[in-house]
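Undergrad: The following block contains the structure, expressed as structure tokens.
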Amino acid sequence: MSPPKPVAPKIIRAFPTLALEILAREGGDGGHVCGVDEAGRGPWAGPVSAAAVILNPDDLPPGIDDSKVLTEKRRAVLEPEIKARALAWGVGFASVEEIEELNILHATGLAMCRAIEALSIQPTIALVDGNYRFKLPCDVTTVVKGDRLSLSIAAASILAKTARDRLMIELDGQYPGYGFASHKGYNAPLHQQALRTLGPCPAHRPSWAPIKALLESA
């Protein structure tokens, strides 16, 4: 009788918590801590968005997680819950024109500034997803993979994603044929074919390599 095959252990991923928010508040002046995240740095078209969220620790919507691991339907359910129960939330955008003028990194920082400035309560510390320390209206603590560690950053990732997705659906109506409502401006076979057939539209980012190549060959 052959020995049983070894069973690979299941990897259980930890869900985001408020631990980083508590540490930041205790290490600072006790003011409010917001989570900040962006959506749309990589697409070929559309603006970049950012959101900032100050959660109420006594009224947390259940199920907040990194937007990338949630379904579109689940994000749609959580968005109004976060907005209704958070102490404050804000969303900001940087346009295609601003992306072209500033570059995507600095345009992302601009969207983050706008999101924080839109908060009804101004924070003293922002927990920002990633490792780049953007210049924001408050102190910044960067958190690598923050959307999987911090509930505030995860909530911000949901609001940034849902806000940008809505805008891309609107752009789909303005510029039909590109499929913006389905792929949200990212690289996709439908998007590639539409670009070959229709060429770029004003919603596309001219300096992105695939768009730039099409414009130069026109």
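The values are calculated or read from the model by the stated rules, or taken from the named source; none is laboratory data. Keep in mind that this is a model prediction, so the values were computed, not measured. Backbone-built Cβ (ideal geometry, glycine too); neighbour counts: all protein chains shown. Just the protein is used for accessible areas: all its heavy atoms, side chains included, with ligands, DNA and RNA removed. Shrake-Rupley method; radii C 1.70, N 1.55, O 1.52, S 1.80 Å.
Undergrad: Across the range 124-137, what is the total count of residues that are open to solvent by less than 40 Å² (accessible area, probe 1.4 Å) and more than 15 Å from LEU18 (Cα to Cα)?
TA: Restricting attention to the range 124-137, the residues satisfying the condition of being open to solvent by less than 40 Å² (accessible area, probe 1.4 Å) are 125-130, 134, 136.
Still in the list and also more than 15 Å from LEU18 (Cα to Cα): 130, 134, 136.
Residues meeting the conditions: 3.
Undergrad: Can you tell me which residue within the range 43-68, out of those that are open to solvent by 60 Å² or more (accessible area, probe 1.4 Å) and free of Cβ contacts under 8 Å to residues at least 60 places away in the same chain, is nearest to THR124 (Cα to Cα)?
TA: It comes out as PRO57.
Undergrad: If you don't mind, there's one more thing I want to ask. Output yes when any residue across the range 197-204 is open to solvent by 60 Å² or more (accessible area, probe 1.4 Å), under 26 Å from VAL53 (Cα atoms) and in a helix (DSSP H, G or I), and no when none is.
TA: Within the range 197-204, the first condition is being open to solvent by 60 Å² or more (accessible area, probe 1.4 Å), and the residues that meet it are 197-198, 202.
Filter again for under 26 Å from VAL53 (Cα atoms), leaving none.
The answer is no, given that none of the residues of the range 197-204 is open to solvent by 60 Å² or more (accessible area, probe 1.4 Å), under 26 Å from VAL53 (Cα atoms) and in a helix (DSSP H, G or I).
Undergrad: Could you grab me the full set of residues in the range 25-42 that are surrounded by fewer than 24 Cβ atoms within 10 Å (Cβ to Cβ) and not charged (D, E, K, R)? Steps first, answer last, please.
TA: Going through the range 25-42, the residues surrounded by fewer than 24 Cβ atoms within 10 Å (Cβ to Cβ) turn out to be 25-32, 41-42.
Selection gives GLY27, GLY28, GLY30, GLY31, HIS32, GLY42.
Undergrad: Among all residue pairs at least 6 apart or on different chains, which show Cβ distances below 9 Å where the first residue, located in the range 141-170, is free of Cβ contacts under 8 Å to residues at least 40 places away in the same chain and the second is open to solvent by less than 10 Å² (accessible area, probe 1.4 Å) and of a type in the set (A, V, I, L, M, F, W, C)?
TA: Short answer, once both residue conditions are applied: THR142/LEU127; THR142/VAL128; ILE169/PHE180; GLU170/PHE180.
Undergrad: With the structure loaded, tell me whether ALA111 is surrounded by 15 or more Cβ atoms within 10 Å (Cβ to Cβ), modelled with pLDDT of 95 or more and in a helix (DSSP H, G or I) or whether it fails that test. First the steps, then the outcome.
TA: Values: surrounded by 15 or more Cβ atoms within 10 Å (Cβ to Cβ): yes; modelled with pLDDT of 95 or more: yes; in a helix (DSSP H, G or I): yes.
Considered against the rule, which asks whether it is surrounded by 15 or more Cβ atoms within 10 Å (Cβ to Cβ), modelled with pLDDT of 95 or more and in a helix (DSSP H, G or I), ALA111 comes out as yes.
Undergrad: Can you find, within the range 138-155, the residue that is surrounded by the fewest Cβ atoms within 10 Å (Cβ to Cβ) among those that are farther than 19 Å from GLY27 by Cβ and not charged (D, E, K, R)?
TA: Residues of the range 138-155 that are farther than 19 Å from GLY27 by Cβ, as a first pass: 145, 147-148, 154-155.
Still in the running and not charged (D, E, K, R): 154-155.
On the way: ALA154: 29, ALA155: 33.
Within the range 138-155, the match that is surrounded by the fewest Cβ atoms within 10 Å (Cβ to Cβ) is ALA154.
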